[in-house]
Amino acid sequence: MNSKVVLFGILLLAAQFSGAGAAQEGQHGRDKPAAQNPELEAIRRASAAFVDAFNRGDAKGVAALWTEDGEYIDEAGQIFKGRTPIEEEYARFFAEHPGAKIQIAVESLRLLSPNAAIEEGQAAVDAESAGAAGLSQYTAVHIKLDGKWLMAVVRDAGTGSGAAVRSAADLDWLIGTWVAEEHGVKTESVCRWVADEHFIERKYTTTQVDGTKTTGVQLIGWNPQGGHVQSWDFSPDGGHAVGVWVPVEGGWQARVQGTTGDGLSTTAVNRLMRLDDNAYVWQSVQRCLGESVLPDTGEVVIKRHPAQ
């Protein structure tokens, strides 16, 4: 296990359509907490426990989330079978990389049976002693034993860092004016380079059906310490959020964490998939507002202003 290390859990990303508000109660105040499958929610709670234990450097706590005979298979094909070998491998990693942090983006999570589930996604491990964040693809098989969901097998297929990690310059196609409309609500975004082309500034204006307008701003740039693209969002209600961006096939995925103007925590995974130079698709999933889970948004097609 290296700086790309073990993968598993949940995650969220940076807003593109409505800043930090993407994880709030919806742009039009219509979103309600979604009914959730209790088994999938239990797996997500175990995921949160994994991320917490990893980020505390707690090897025993991490290993306890596997079954007694669980397996971790790293990208080199090494197999660590059983809780003790898994704990020893994590302990070794934490000793070599003190303060390492993991961020995980779940791409799919589904039940195979009442007592088995499979999860797939990406993870980034940020370890100062290892340089830039390492990226990995992973597959995790979960099984339910004595009423508790545990990991049975986790396989890491690393994508590496280097070429897989791209800078904000790869988003230069966003420069210009973009428009979108959904259910009568219109949004116009103006993107431009600032700070000697180190950051993209995105100012957006949302016009509600009744003509009311709100504005917000987002900055997108390269985080040299973390080795990833990052965004900072400031929404019209006084809320703010930070997103960590991961390149995926066809676009970007960002995990956003923030707070509303009245202090509620927000999380979301936002996806930006480029169609061509003049259009991209945006969607926000895995959204939470405080303790409430919100439904995924629909896919929104955002188009370059025809005057450009």
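The values are calculated or read from the model by the stated rules, or taken from the named source; none is laboratory data. The shown structure was predicted, so the numbers you read here are calculated from the model rather than taken from an experiment. Note: ideal-geometry Cβ built from the backbone for every residue, glycine included; neighbour counts use all protein chains shown.
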- Task: Hey, can you tell me all the residues within segment 226-255 that are of a type in the set (A, V, I, L, M, F, W, C) and closer than 17 Å to Val285 by Cα?
- Result: Ala241, Val242, Val244, Trp245, Val246, Val248, Trp252, Ala254
- Query: Any residue at all in segment 121-141 that is modelled with pLDDT of 90 or more and over 21 Å from the mean Cα position of the chain (by Cα)?
  - Reply: no
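Regarding segment 215-233, can at least one residue be identified that is hydroxyl-bearing (Ser, Thr, Tyr) and closer than 20 Å to Val106 by Cα? So that I can check it myself, show each step before the final result.
In the first step, residues of segment 215-233 are kept if they are hydroxyl-bearing (Ser, Thr, Tyr); the result is 215, 231.
Now drop any that are not closer than 20 Å to Val106 by Cα, which leaves 231.
Yes: segment 215-233 contains one or more residues that are hydroxyl-bearing (Ser, Thr, Tyr) and closer than 20 Å to Val106 by Cα.
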- Query: In segment 237-292, which residue that is among the hydroxyl-bearing types (Ser, Thr, Tyr), in contact (Cβ under 8 Å) with a residue 40 or more places away in the chain and over 22 Å from Thr177 (Cα atoms) is surrounded by the fewest Cβ atoms within 10 Å (Cβ to Cβ)?
  - Reply: Ser292
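Looking at Ala76, is it more than 23 Å from Val244 (Cα to Cα) and part of a loop (DSSP other than H, G, I, E, B)? Break it down into steps so the answer makes sense when it comes.
Working: more than 23 Å from Val244 (Cα to Cα): yes; part of a loop (DSSP other than H, G, I, E, B): yes.
Here the answer is yes, as Ala76 does meet what is asked.
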- Task: Could you please give the count of residues in segment 210-236 that are closer than 12 Å to Ala124 by Cβ and in contact (Cβ under 8 Å) with a residue 60 or more places away in the chain?
- Result: 5
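Okay, residues lined up against (1) in contact (Cβ under 8 Å) with a residue 12 or more places away in the chain; (2) in a strand (DSSP E or B); (3) crowded, with 19+ Cβ neighbours inside 10 Å:
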position	(1), (2), (3)
Ala49	yes, no, no
Glu68	yes, yes, no
Glu71	yes, yes, no
Ala105	yes, yes, yes
Ser108	yes, yes, no
Leu112	no, yes, no
Ala117	yes, yes, yes
Glu120	yes, yes, no
Val125	yes, yes, yes
- Query: Looking at (1) modelled with pLDDT under 90; (2) in contact with a Cys (Cβ under 6 Å, 6 or more places away or on another chain), can you tell me which one Ile200 breaks?
  - Reply: (1)
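Could you tell me which of the residues Thr267, Thr214, Thr297 is outside any loop (DSSP other than H, G, I, E, B) and more than 26 Å from Ala195 (Cβ to Cβ)? Please lay out each step first, then the result.
Working: Thr214 fails: more than 26 Å from Ala195 (Cβ to Cβ); Thr297 fails: outside any loop (DSSP other than H, G, I, E, B).
The unique qualifying residue is Thr267.
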